[in-house]
Every structure is written in structure tokens, then in C-alpha cells.
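Undergrad: Following this message is one structure expressed as C-alpha cells.
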Amino acid sequence: MSPTNDPAKLRILIVDDEPPARERLQRLLSELGEYELIGQAENATVALQLCQQLQPDVVLLDVRMPGMSGIEVAQHLNNLNEPPAVIFTTAYEEYAVDAFEAEAIGYLLKPIRKEKLERALQHAVRLSTNRLQQLNNHHSEHAARTHLCVKHGEVLRLIPIQEIRYFIAEKKYITIHHARGTDLIDESLKDLSVEFAEHFMRIHRNSLVAENAIASIERDTEGQYKIHLRDSADTLSVSRRHSAAVLKRLRGTHDESNL
């Protein structure tokens, strides 16, 4: 996407949890006069909703916000059919700036100056999934997403990681079993197991389960371990290959009956 090739005004969405930062960007855009401010969001959830409703050309996106980081928001935006260009804004952390430059990703250092904002808008481009993942890897504290994003037609739906009970790999897709039902995502179970290793464990070649969703584990008469879940009638099988690691991780924190 190249803003300079479009004679119409670029439509801009500002995302920042701090009102003074939003007000400054609004003022600078007004002074530039070549861009249309179509909305503002104070958090990630509102930002994603507005991006679906308003379809901005460019999102000025704060890197660090309560809850979901700006980097994660950008990853979810890439699930839209027509993702906007993204320019990150950041107030500190030299390592973060180094990461943006290493991945050739647009950013603005706060306090933002008008000429730098104008230059960034003129060179705004859509971000590839690979570049966003590399940027995310530089930010170790945000390496694991707080939500997964699923598509329902043209609508994006966010599922909090803390609500997910388990993942099951089925053919080309992963089925997410969570507090509100099930959804499909097109991701790798191996990648999910690495990203969410702190809270999920591999119990079978085709399944991951959230440790806090486990009520108990027991062994049947054939020596097969079964996991019973909290607030669910679902029972999951533990493969013989993974049973030792699962038992070691769970021992002392869950009810192990009939062992």
C-alpha cells in the first residue's frame, strides 16, 4: 500500500491508552491537513472493532497498552481481508526501536514531531505476518499472545487464552475448545505448544490442554491415563509417549487417582 499513490485523503485511526497522546496526534493530523482522522481507540478491543467497522487506511498504534500490546493488535489486524497499514508509536525502550529498525517496520518515537509523522504516513505499508512475528520475538514479555483471533465471515472474534481449555488438531485445522464453545483456527499445534508452554501441556500428538483446566487425572484398567476437565464433561486421553512428562508436571497439584 502506498499512500502517495492515492489522491484521496488517507483515513487514519489513532490507538493509544493515554488521552494526551491521542490529543497530540489529533492536533498534528489537523495541522498537516492531508489526512482524515476517522476514529480513536483507548484499548486493543475497541481498536479491532473500529478497524472492522471503519476500515482505516493507516493505524497509528501504541506499542504498550494495558492488556493486549500494540504488536499483538497488529497481528490480529492481519486477519482482516484488507488489513490497514500500521505505524507503531513508542515512548521509550531503545531495544524496541532497534527491533523496529531491524525489521524495517515504521515507528514514531514519542513525543511525536509533525515532520516525522508526515514522513511516516507517506511511507506507511502493510506489515507482513513474518515481520510482525519477528518483531514480537524481540519483545520477550509479549511473546505469548493474550488472545487468539478467529474469523466469522467478515468479523474477527477474540478468544482470551485464559478461557481456552484445550486444542485438538484435526486434519488441516485446530479446534479450540473454550468457555464459550468451539472455534477453528489455521495454526500449527507445534507452534501453539511452544508459544503457550507456560500454561498448556502436550498430552498427545494431536492435543494440548490448559493446566488450570484440569480437575483430575486417572488411569483406567488398561493403563491408559485420562484427564478430566473442570466445568466440562469432556475427557482427554494422554498418550503413553507423553504420560511421564504430564504426570511429572501435574504431581502434587492435581488429584491423581487409581495410579
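The values are calculated or read from the model by the stated rules, or taken from the named source; none is laboratory data. Not measured: the values here are computed from a predicted model. Virtual Cβ from ideal backbone geometry, glycine too; neighbours counted across all protein chains shown.
Undergrad: Please go through segment 13-44 and pick out each residue that is in contact with a His (Cβ under 9 Å, 6 or more places away or on another chain) and surrounded by fewer than 19 Cβ atoms within 10 Å (Cβ to Cβ).
TA: Matches in segment 13-44: none.
Every residue, every condition in (1) on the phi < 0 side of the Ramachandran plot; (2) among the acidic types (Asp, Glu); (3) modelled with pLDDT under 80; (4) in contact with a strand residue (DSSP E or B) (Cβ under 7 Å, 6 or more places away or on another chain), yes or no:
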{"residue": "LEU121", "(1), (2), (3), (4)": "yes, no, no, yes"}
{"residue": "SER128", "(1), (2), (3), (4)": "yes, no, yes, no"}
{"residue": "ARG131", "(1), (2), (3), (4)": "yes, no, yes, no"}
{"residue": "HIS138", "(1), (2), (3), (4)": "yes, no, yes, no"}
{"residue": "HIS147", "(1), (2), (3), (4)": "yes, no, no, yes"}
{"residue": "ARG157", "(1), (2), (3), (4)": "yes, no, no, yes"}
{"residue": "PRO160", "(1), (2), (3), (4)": "yes, no, no, yes"}
{"residue": "GLU163", "(1), (2), (3), (4)": "yes, yes, no, yes"}
{"residue": "ILE168", "(1), (2), (3), (4)": "yes, no, no, yes"}
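Undergrad: Pairs please, first residue from segment 218-237 and modelled with pLDDT of 90 or more, second anywhere and part of a loop (DSSP other than H, G, I, E, B) and among the aliphatic types (A, V, I, L, M), Cβ atoms under 6 Å, 6+ apart in sequence or on different chains.
TA: ARG219/LEU259
Undergrad: Just to confirm my filter: which strands (runs of 3 or more DSSP E) fall fully inside segment 167-259 and include at least 1 residues that are exposed (fewer than 12 other Cβ atoms within 10 Å of the Cβ) and not aliphatic (A, V, I, L, M)?
TA: 181-185, 235-238, 255-257
Undergrad: Would segment 102-114 turn up any residue that is touching a strand residue (DSSP E or B) at 6+ places or on another chain (Cβ under 9 Å), of a type in the set (D, E, K, R) and at pLDDT below 85?
TA: No - not one qualifying residue is present in segment 102-114.
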